[in-house]
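Some notes on the structure that comes next.
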Amino acid sequence: MLLQLLTISVVISTGIAEYKNYDGFKILEVNFQNPRVKKYVQEIDKNLGFMPDFLGENWKQKQAHYFIDKDSVEKVRSNLAMNNITYQMRDVNPQLFKVRRKRRDLNGVVTINDVNNRYLSYDEQMQFLNTLSQQYPDDVKLQKLGNSYEGRALTAVRIGDDGSNKPIVWIDAGVHAREWISYNVALYLVYTIVTQPVYRDLLNSVQLIVVPNTNPDGYEYSRTNDRMWRKTRSRFSNSRCGGADANRNYPFFWGTQGVSHHQCSEIYCGSRPQSEPEVLALTNAIQREETRIKGYIALHSYGQEILYPWGHTMHTYPSDVKDLIRVGKAMAKAIKAVNNTDYNVVNSGDGLYPAAGASDDWAKSRGIKYSYTIELSPVDDYTGFVLPEERINQVCREAFQAIQVLMIEVKTMFGIRSVTSSASSAQSSLLLKHMRSTISRGFGRG
Ligand code: 0X9
Ligand code: ZN
C-alpha cells in the first residue's frame, strides 16, 4: 500500500507514466551507397506502402535512419528482403526515451551554465531571455511575434536593433520539437554575441534576430509526453491525430513533394499553407522586414549538414547557388576549426530529400539571399535527437562560429559603411584576429 502510494506520488510529480513507451520499436539503418538501394530509399514510401519516420542520415557512411514502430517491423523486414536490400535493424534503448526531465530548484535563475549543460523547459528558456534583456536592455529586446496553438508566446530576440537600417540575419530554432539541441544553440548564440565585447563591431553593422523556440507546444509535449514528437500540437475535430509538420506548412510549393496530406503522418503539411499559427506568426514577422533580411538559418538536427535551396524538388537551384555554396563551405570550415567536426554542405533536395513547404525555401523565395537549414550534431549516432547533455556545449560553440561567418558575409556584402570610431575599428581588428585563430585560411572575400 505504502509502495503504491509512493509510486502514485512519483508518477504525479514526474509525469513518467505518461511518457510514450517505445518498447519494441526499431531503428532501421540502410546503407544507400549502391544506386539501386538509393533508388529504393528515395521511394521507400511507395515500396513499403507507408512512409516510415525518417530520423536523419549519416552522410559519412551513406546511411539513412528510420524509426519503425513495433507493429510494422515484420512488414518492413519482408519488404527489404523481397527487394534484396541489406540493412541493420537496431533495437532502440527504450531508456533513452524515458529520461525524466529534471526539475531543479532554480530560485528563478537560469544561467549560461544551464544552457551549456542541460535541456531547458520552455519557461526556463524564456526566463533566461528575460534576465538577459534586463541585464542588457539596449542590446537584447524581446518581441512577441504571436502565440502558439496552445497559447505560448513566440518570442523573437532582437540584438543590435538601434533603429537603423542595418541588414538583418535571422536565426530560428526548434520547429521540430524533438530536435532539442537546436534550442540550446539559439540561446547560446544570443548570450555569447551580447556578452562578448569582441562582437560589438559586428553588431554595429548587422542586426541579429533569433527566435529560439518556434514550436513551444511541441517541445513541451516532447519533454513531458513523447520524446519523439516532431510536429505542432494543433488539434483537428475529425481526427485521432494532431499536429502538423510546421516545416511543410510554409507557403512555397506547399503540399507538392516530400509531404503527406494525412493528419497522422509525421510530415503532414497541414490543411492549407500557414494553417499553423506558429508558421503564420513567423512568416508575418519575416515579411515585415524582409527587404533587410539577408541571411536566414533554420536550426534543426541531426546529421551535421548545411543544406541550401531549393529543397522542394531535386536538381533545381537558385541562380546565385554559387554564393550559397561558397558561404556554406566557409561555415563548415569555421565549424571544423573548433574541434575537427565535419559538416557536409549539400543541396537539400538532392542531398537529403525533396520536402516542399519548408522555411528555408520560403525565405529564399522572399528574396533572402543566404538561406540555409543546418542539421546539427550528431552524425554518427543513431540515437540522434537524444544527444547527451555533455555534448551540448561543443555543438553550441561550433554552430556559433558558422553563424558568425554568415553575419560577416552579410556585413561585407550589405553593410552600411559607418563612420568608424577608433574604438570600433580596434574592436573590428580584434574580431578578425579572433576569427583567424578559430578559422583556418581561405575564408572571406579578400
Ligand atoms: O525534413 C525536414 O524538414 C528537415 N530535416 S529534419 O530531419 N530536421 O526534419 C530538412 C529540411 C530541408 N529543407 C528543404 N527540404 N527545403
Ligand atoms: Zn528538423
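The values are calculated or read from the model by the stated rules, or taken from the named source; none is laboratory data. These figures come from a predicted structure and were not determined experimentally. Counting neighbours? That spans all protein chains shown, and the Cβs are built from the backbone with ideal geometry, glycine included. For accessibility, only protein heavy atoms count, side chains too; no ligands or nucleic acids. Shrake-Rupley method; radii C 1.70, N 1.55, O 1.52, S 1.80 Å.
Using the reciprocal of the averaged 1/r over all distinct C-alpha pairs, how large is the Kirkwood radius of segment 295-340 in Å? Walk me through the intermediate numbers first.
On the way: mean 1/r = 0.0833 Å⁻¹.
The answer is 12.0 Å.
Pairing rule first: another cysteine's C-beta must sit under 4.7 Å. Under that rule, which cysteines of the chain stay single?
C269, C396
Residue-wise, which Karplus ³J(HN,Hα) couplings in Hz belong to segment 226-241, taking 6.51 cos²θ - 1.76 cosθ + 1.60, θ = phi - 60°, and x for glycine or proline?
Using θ = phi - 60°, the values come out as 8, 4, 9, 5, 10, 8, 6, 10, 5, 10, 10, 5, 9, 9, 7, 9 Hz.
Report, in debye and to the nearest 20, how large the dipole of the chain comes out about its Cα centre when Lys and Arg carry +1 and Asp and Glu carry -1 on their Cβ. Write down the numbers at each step before the final one.
Numbers: 54 positive and 46 negative charges, 142 e Å.
Around 680 debye, computed over the chain.
Expressed as a whole percentage, what fraction of the accessible surface of the chain belongs to carbon and sulfur atoms when a 1.4 Å probe is rolled over the protein heavy atoms?
On the way: 9530 of 19210 Å².
The C+S portion of the solvent-accessible surface of the chain is 50 percent.
In nm, give the distance between the simple-model label positions of Y136 and S237, each being 7 Å from the Cα along the Cα-to-Cβ direction.
My value for the distance between the label points is 4.7 nm.
Using alpha carbon centroids, what distance separates segment 344-390 and segment 274-316, in Å?
Cα centroid to Cα centroid, the span is 10 Å.
Computed FRET efficiency, Cβ-Cβ of N165 and K62, R0 41 Å: what is it to the nearest 0.05?
Efficiency at R0 = 41 Å is approximately 0.35.
Taking 0.36 nm per intervening residue step and subtracting the Cα-Cα distance, what contour gain separates D45 from Y317 on full extension? All intermediate terms of the calculation are to be shown ahead of the outcome.
Details: separation 272, 0.36 × 272 = 97.92 nm, distance 2.52 nm.
Length gained, D45 through Y317: 95.4 nm.
Using the Cβ atoms and a cut-off under 9 Å, what net charge is assigned to the surroundings of S260, where Lys and Arg are +1 and Asp and Glu are -1? Kindly include the intermediate steps, with their values, before the conclusion.
Working: positive: R248; negative: D45, D245, E266.
In short, -2.
How much accessible area per residue does segment 183-249 have, in Å², with a 1.4 Å probe? Could the numbers behind the result be given before it?
Numbers: 1610 Å² over 67 residues.
Computed with neighbouring chains in place, this is 24 Å² per residue.
With each pseudo-label sitting 7 Å past Cα toward Cβ, what's the V109-Q33 distance in nm, one decimal?
Roughly 5.3 nm, to one decimal.
Based on the alpha carbon coordinates of segment 330-376, what radius of gyration and maximum Cα-Cα distance (Dmax) apply, in Å?
For segment 330-376, the Cα radius of gyration and maximum Cα-Cα distance read 12.4, 35 Å.
Among the listed pairs K46/K329; K141/K369; K62/K336; K39/K336; K39/K294; K26/K336, give every one whose C-alpha distance is greater than 29 Å. Before the final figure, lay out the partial values.
Numbers: K46/K329 34 Å; K141/K369 25 Å; K62/K336 20 Å; K39/K336 31 Å; K39/K294 36 Å; K26/K336 32 Å.
The pairs that break the limit, which is 29 Å between Cα atoms, are K46/K329; K39/K336; K39/K294; K26/K336.
Can you give me the angle between helix 73-82 and the longest principal axis of the chain, using Cα atoms only, in degrees from 0 to 90, rounded to the nearest 10?
90
Could you give the length gained by full extension between N79 and D23, i.e. 0.36 nm per residue of separation minus their alpha carbon distance, to one decimal place? Before the final figure, lay out each step's value.
Details: separation 56, 0.36 × 56 = 20.16 nm, distance 2.23 nm.
The span from N79 to D23 would gain 17.9 nm if fully extended.
By how many nm would the segment from E150 to R90 grow when fully extended, if each residue of separation counts as 0.36 nm and the alpha-carbon distance is taken off? Don't skip to the answer; put the middle values down first.
Details: separation 60, 0.36 × 60 = 21.60 nm, distance 3.57 nm.
The span from E150 to R90 would gain 18.0 nm if fully extended.
Relative to 2.2 N^0.38 Å, what does the C-alpha radius of gyration of the chain come to as a ratio? Two decimals please.
Rg over 2.2 N^0.38 Å, computed on Cα atoms: 0.98.
Would you mind checking the tilt of helix 181-195 against the longest principal axis of the Cα atoms of the chain, expressed as 0 to 90 degrees and rounded to 10?
The helix 181-195 is inclined about 10 degrees to the chain.
For segment 64-96, which trypsin sites (Lys or Arg not before Pro) are in a loop by DSSP, counting at most 12 other Cβ atoms within 10 Å?
Working: sites: K70, K75, R77, R90; in loops: K70.
For trypsin sites (Lys or Arg not before Pro) across segment 64-96 that sit outside H, G, I, E and B with at most 12 neighbouring Cβ atoms in 10 Å, the list reads K70.
With a Förster radius of 35 Å, plug the Cβ-Cβ distance of R288 and N117 into 1/(1 + (r/R0)^6) and report the FRET value to the nearest 0.05.
On the way: r = 36 Å, r/R0 = 1.02.
Computed FRET efficiency for R288 and N117 comes out at 0.45.
Pairing the Cα long axis of helix 422-438 with the longest principal axis of the chain, what angle in degrees results, from 0 to 90 and rounded to the nearest 10?
The angle comes out at about 40 degrees.
Need one value: the accessible area of I416 in square angstrom, 1.4 angstrom probe, rounded to the nearest 10.
Here the accessible area works out near 90 Å².
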